[in-house]
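Here the structure is laid out as structure tokens; the discussion comes afterwards.
The values are calculated or read from the model by the stated rules, or taken from the named source; none is laboratory data. On a predicted model such as this, the values are computed, not experimentally measured, just so you know. Cβ sites come from the backbone with ideal geometry, for glycine too, and all protein chains shown count toward neighbours.
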Amino acid sequence: MDPDDGLLAGAELAAVLRAHGLEPVPDDPPRRVTPRVLHLRRTGGGIAIKVLAPEHAAAARVEAALLAHLAGAGEGYRVLRRVVPQGGEAPVVIDGRSVLVTRWEPGHHRPYEAIDVDGWATLGSTLAALHRRLDQAAELPPLPDLVEGLRALSLDDERRRLGQHQRAVRARGGPGAELLLAMLDERRILLERHASEALARLPAGEHAPIHNDYNVHNYLFHEHGPPTILDWERAVRAPREHELLRCLNHLPLVAPARATAFVDGYLGRRSLDPTRLVWALHATITAHALKHWPVEAWLAGAPGALERLPGMAEIVRALVSGGDRMAAFVDRLRARVAS
């Protein structure tokens, strides 16, 4: 491994392997598969080595704890199988960075357009199976609470931030600027339509963990069975209804039969609270209005920032133009689960 690649130098990799009771593989360096993950081939199956920056130490502990809780209880779902360090459950720390080692899972990703009706039904069923297991999660590190995060939201601050981003995009110009400016206008519309309703309907009570990033980037599909659900470090506590609608995004508008299949798959394993569905709709759409990082990444010239914009803009545009249809979808769902 190149010692200057910013992930793990040779001596650091050796230390990680020793800490997990694994022997090094001579003359077979790891392959970097994402900015944070290495794949190391081994006899009997490879391993994945995930390296999180020092500021994500708490998130690494959360992911380790959730993988431990979900391991071995996976009727209807799959998660990565962690290789536990010899010193205990806590992630190994190398130069301030937290390292998680898991068994390598072969599989493939699909864009949402390539997932058929049966695939969406499986994803809904998988989410419900995960929620059922997470309902039993007692001993976990502290998790952020999504509802409390919304409660602390300042709409005036968010409006100012949107305005600052608009001015910065106009000043910079260049490829993607026109699309970004349109998306910023549409996000402002979503903020004004939905944020106040989301804040007015905040559900009370304590909430169980959710994945909080259940999307095509974290579905690893296989030839048979449910997909493996990756990357748990963004988990929060939140109502289940929020995650279900967040996973759907604009699918009810562009592929209603697939959205229905997702809901059918979920309800086949777990119920929903009909009193929280309208709030969840407003809250999930508000999340798109508050999604500042794509603009900030583009302004910073981050790799891949420009290429990600069209897909994100498509979702925001659809939610602006299809708000009434999204509300009707949720009304039908609410009537169904209340009956």
request  = State yes or no: is Arg317 among the basic types (Lys, Arg), part of a helix (DSSP H, G or I), modelled with pLDDT of 95 or more and over 13 Å from Leu179 (Cα atoms)?
outcome  = no
note = Only one of Arg234, Arg193, Arg276, Arg270 is modelled with pLDDT of 95 or more, more than 16 Å from His288 (Cα to Cα), not in a loop (DSSP other than H, G, I, E, B) and not acidic (Asp, Glu), namely Arg276
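Residue-wise test of (1) farther than 26 Å from Ala198 by Cβ; (2) at pLDDT 95 or above; (3) in a loop (DSSP other than H, G, I, E, B).
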residue: Ala138; (1), (2), (3): yes, no, yes
residue: His165; (1), (2), (3): no, yes, no
residue: Ala171; (1), (2), (3): yes, yes, no
residue: Gly174; (1), (2), (3): yes, yes, yes
residue: Glu178; (1), (2), (3): yes, yes, no
query = Which of the residues belonging to the stretch 141-177 are in contact (Cβ under 8 Å) with a residue 12 or more places away in the chain, farther than 29 Å from Leu306 by Cα and touching a Lys or Arg at 6+ places or on another chain (Cβ under 9 Å)?
reply = Pro141, Leu143, Pro144, Asp145, Val147
ask   = In the stretch 199-211, is there at least one residue being part of a helix (DSSP H, G or I) and either out of contact with any Lys or Arg (no Cβ under 8 Å at 6 or more places or on another chain) or surrounded by fewer than 20 Cβ atoms within 10 Å (Cβ to Cβ) (or both)?
value = yes
key: Test result for Asp157, at pLDDT 95 or above and over 26 Å from Leu248 (Cα atoms)   = yes
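Being buried (at least 19 other Cβ atoms within 10 Å of the Cβ), of a type in the set (Gly, Ala, Ser) and in contact (Cβ under 8 Å) with a residue 40 or more places away in the chain is the requirement here; does Gly322 meet it? Full working, then the answer.
Values: buried (at least 19 other Cβ atoms within 10 Å of the Cβ): no; of a type in the set (Gly, Ala, Ser): yes; in contact (Cβ under 8 Å) with a residue 40 or more places away in the chain: yes.
No: the conditions fail for Gly322.
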ask   = Within the set of pairs 6+ apart or on separate chains, which have a first residue in the stretch 218-234 that is not assigned by TED's automatic domain parsing to the domain that holds Glu63, a second that is buried (at least 16 other Cβ atoms within 10 Å of the Cβ) and of a type in the set (Asp, Glu), and C-beta atoms under 7 Å apart?
value = Asn218/Asp231; Leu220/Glu105; Thr228/Glu105; Asp231/Asp213; Trp232/Glu63; Glu233/Glu63; Arg234/Asp213
Arg325, sole failed condition from (1) in contact with a helix residue (DSSP H, G or I) (Cβ under 9 Å, 6 or more places away or on another chain); (2) not in a helix (DSSP H, G or I) = (2)
request  = Determine which member of the set Leu143, Leu150, Leu130 is in the same structural domain as Leu248 (by TED's automatic domain parsing), closer than 19 Å to Leu244 by Cβ and either modelled with pLDDT under 95 or not in a helix (DSSP H, G or I) (or both).
outcome  = Leu143
Asp28 surrounded by fewer than 17 Cβ atoms within 10 Å (Cβ to Cβ), under 16 Å from Ala15 (Cβ atoms), of a type in the set (D, E, K, R) and out of contact with any strand residue (DSSP E or B) (no Cβ under 6 Å at 6 or more places or on another chain) = no
